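Shown next, in structure tokens, is the structure this report addresses.
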Amino acid sequence: MRISYQYKIKPNKEQAEKIDKTLEMLRYQYNYLLAQRFHWYEQNRSPIDRCSIFVCYLPELKDQPNYYSQKASLTQLKKDRPWYKDIHSQVLQEVPKKVELAFERWLKGDINGKKSGRPRFKGVGQYKTFTFPQFKQHHFVNNKITLSKIGDIKVIVHRQIPDGFDIKTVSVTKKADGYYVTLSLDDKTVPTIKPDFNANNIVGIDVGLIDFIVTSDDERIAAKSINDAGWGQFISILTVKAENAGLAVIAVNPNGTSQECSSCDALSLPKGGHKVKKPLSQRTHNCPNCKVSLCRDLNASINIKNRGTHGLKAQSMSS
């Protein structure tokens, strides 16, 4: 299982200048490699609605730039621009990987088929993070972290790394209030998540104002009993605890969960159960279609459970 811890770092003036210089050089290279992709894309397009393919000459297709070809070009980059030798080779190799991911998500979409917008060139200050994909444990001791080509930097350790976790990657980020490192931690003793489609082992959770949470099993926690915690904080803590137990927290679209009937046969339809519109002040769900009557929040939590179950099944079938 992997988790991430983020710490603020206190680089000296020289180290801060190195981080800023690294980010700026990586930004230039990102834009250059992205421009290569766009050039290939435009050169290999042939609009079929403007020219007959039986008459027009179609030029030979150019080789498509990919992660491996652009990664190989970094060797020549260091010869042409020696100052790029000041950047760790693996950090520099992360740039074509970012370009590959952005371009593929635009053209093909992610694993769920969802496409992102056209990648944008990054202006000054918009390239904010670089990553060391491999990291040795002894480079983070005594509240100091050793970053190749940058030096030993003081770390504000506000919480200790849990026992059993190894540092896999380190990312350096520049924010408005300073510099941070994000450690990706791995513990192989924690079980991997295996989605269980048994409805008896899946629980829907609805958050509300009167009851802080109501589960699909009709368990409730009063809002006043944890009034020092917000919904976002609760979900973050719940996600971490679930991952530590080898479980998963799945977020679903909450729209309509209070209005749709969780009991109707129409639940199997794409649009969900029968819609029963009601104001927020009405705390009971009464369905005129199937005659069920139950608490509004309980109805919502059952709908959340059903949506999460359907999402997990769809995810499993596509993988």
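The values are calculated or read from the model by the stated rules, or taken from the named source; none is laboratory data. What you see is a predicted model, and the numbers here were worked out from it, not measured in a lab. Cβ: placed from backbone, ideal geometry, glycine included. Neighbour counts: every protein chain shown.
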Which pairs do you get when a residue that is assigned by TED's automatic domain parsing to the domain that holds residue 213, found in region 287-316, comes within reach of a residue that is of a type in the set (Lys, Arg) and loosely packed, with under 15 Cβ neighbours inside 10 Å, reach meaning Cβ atoms under 7 angstrom, with the pair 6+ apart or on two chains?
295/283; 296/283
Could you look through region 48-77, keep only residues that are part of a loop (DSSP other than H, G, I, E, B) and of a type in the set (S, T, N, Q), and pick out the one that is modelled with the lowest pLDDT?
52
Any pair with Cβ under 9 angstrom, 6 or more apart, that starts in region 157-171 at a residue that is over 15 Å from residue 2 (Cα atoms) and ends at one that is hydroxyl-bearing (Ser, Thr, Tyr) and surrounded by 11 or more Cβ atoms within 10 Å (Cβ to Cβ):
157/7; 158/7; 159/5; 159/7
Name the residue, out of 169, 182, 239, that is in a helix (DSSP H, G or I), surrounded by 14 or more Cβ atoms within 10 Å (Cβ to Cβ) and modelled with pLDDT of 80 or more.
239
Filter pass, residue 122 being under 21 Å from residue 36 (Cβ atoms), exposed (fewer than 13 other Cβ atoms within 10 Å of the Cβ) and at pLDDT 90 or above:
no
